[in-house]
Amino acid sequence: MALTLWGRRSAFNVQKVLWMLAELGLEAEHRPAGGSHGLLDQPGFLAMNPHGRIPVLVDGDEILWESHTILRYLAAQYGGERFWPASPAARSLADRWMDWSQTALQPDFMRLFWSYYRTPEPERPADRILAARRDCEARFSLLDGELGDRPYLGGSEFGLADVPAGTTLFRYFEMGLDVPHPPAVMAWYERLAARPTFREHVMIPFDDLFGRVEF
């Protein structure tokens with residue numbers, strides 16, 4: 001059945017899904033929504049996601065929202081043992097990093113990205129930027145320790161665990177803010193950047209977001 005993904009390519013959570021679709025070799029019709037594209041408050045979109053948020057994935061009769069739910073669905077439905085092992089213990093290796101990324105890394109990263117990059121320079125909150133920067137440094141330092149003995153978060157091969165945290169790397173290191181470059185994290189970043197799927201869907205210009213607070 002045809003897959004349809006709603007969202008704008010510059011949206012962080014949409015990029016996760018686009019990257020995962022590409023890793024699985026899945027074709028999906030991409031329908032821009034959110035930001036200047038609008039649609040999120042329209043009845044047709046709210047019928048798919050009552051929260052009016054992107055991304056939304058339609059797979060036949062199935063309608064899914066929340067980026068990590070979509071990632072898990074794609075892995076379970078189309079990823080096989082490589083992305084969705086039969087063993088609950090093996091699956092938990094990805095689950096724990098996905099949950100950590102969503103509840104710890106992403107909030108800190110997005111707070112820094114919005115405070116520094118998305119806010120016009122004269123209005124940037126220096127205290128908030130400093131606090132978010134310190135929190136991000138702590139998160140990436142933890143990642144550096146974890147990646148010191150393995151190439152990917154879930155083990156020896158790229159997997160579902162790498163997608164949520166990995167999607168932060170391009171913007172974090174390329175938004176023009178002086179931040180530490182932990183060696184194991186940078187080696188992981190280089191491995192991800194060698195993947196055509198990552199370059200196509202994550203390593204894309206985001207300068208249209210500079211100083212923009214309206215979406």
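The values are calculated or read from the model by the stated rules, or taken from the named source; none is laboratory data. Everything numeric in this text was worked out from a predicted model, so none of it was measured. With ideal geometry, Cβ positions are generated from the backbone for all residues, glycine too; neighbour counts draw on all protein chains shown.
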Inset, instruction - Go through the residues of the range 106-121 one by one and say whether even a single one is outside the structural domain of residue 14 (by TED's automatic domain parsing) and over 21 Å from residue 13 (Cα atoms). - result: yes
Inset, instruction - Using the structure shown, decide if residue 58 is buried (at least 18 other Cβ atoms within 10 Å of the Cβ), more than 26 Å from residue 207 (Cα to Cα) and touching a residue at least 12 places away in the same chain (Cβ under 8 Å). - result: yes
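Table: residues versus (1) more than 15 Å from the chain's Cα centre (by Cα); (2) part of a helix (DSSP H, G or I); (3) modelled with pLDDT of 95 or more.
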{"position": "115", "(1), (2), (3)": "yes, yes, yes"}
{"position": "135", "(1), (2), (3)": "yes, yes, yes"}
{"position": "142", "(1), (2), (3)": "yes, yes, yes"}
{"position": "159", "(1), (2), (3)": "no, no, yes"}
{"position": "163", "(1), (2), (3)": "no, yes, yes"}
{"position": "170", "(1), (2), (3)": "no, yes, yes"}
{"position": "185", "(1), (2), (3)": "yes, yes, yes"}
{"position": "189", "(1), (2), (3)": "no, yes, yes"}
Inset, instruction - Return yes when residue 169 is surrounded by 13 or more Cβ atoms within 10 Å (Cβ to Cβ) and either without any contact (Cβ under 8 Å) to a residue 60 or more places away in the chain or aromatic (Phe, Trp, Tyr) (or both) and no when it is not. - result: yes
Inset, instruction - For residues that are of a type in the set (Phe, Trp, Tyr) and farther than 13 Å from residue 176 by Cβ, tally how many sit in the range 103-134. - result: 2
Inset, instruction - For residues that are at pLDDT below 95 and surrounded by 16 or more Cβ atoms within 10 Å (Cβ to Cβ), tally how many sit in the range 144-157. - result: 1
Legend entry - Residues of the range 24-51 that turn out to be buried (at least 16 other Cβ atoms within 10 Å of the Cβ), of a type in the set (Gly, Ala, Ser) and either touching a Gly at 6+ places or on another chain (Cβ under 9 Å) or touching a residue at least 60 places away in the same chain (Cβ under 8 Å) (or both), as a count: 3
Legend entry - Selection status of residue 182, touching a His at 6+ places or on another chain (Cβ under 7 Å), crowded, with 19+ Cβ neighbours inside 10 Å and touching a residue at least 24 places away in the same chain (Cβ under 8 Å): no
Legend entry - Filtered residues of the range 185-215 (kept if among the aromatic types (Phe, Trp, Tyr), under 27 Å from residue 150 (Cα atoms) and in contact (Cβ under 8 Å) with a residue 24 or more places away in the chain): 188, 198
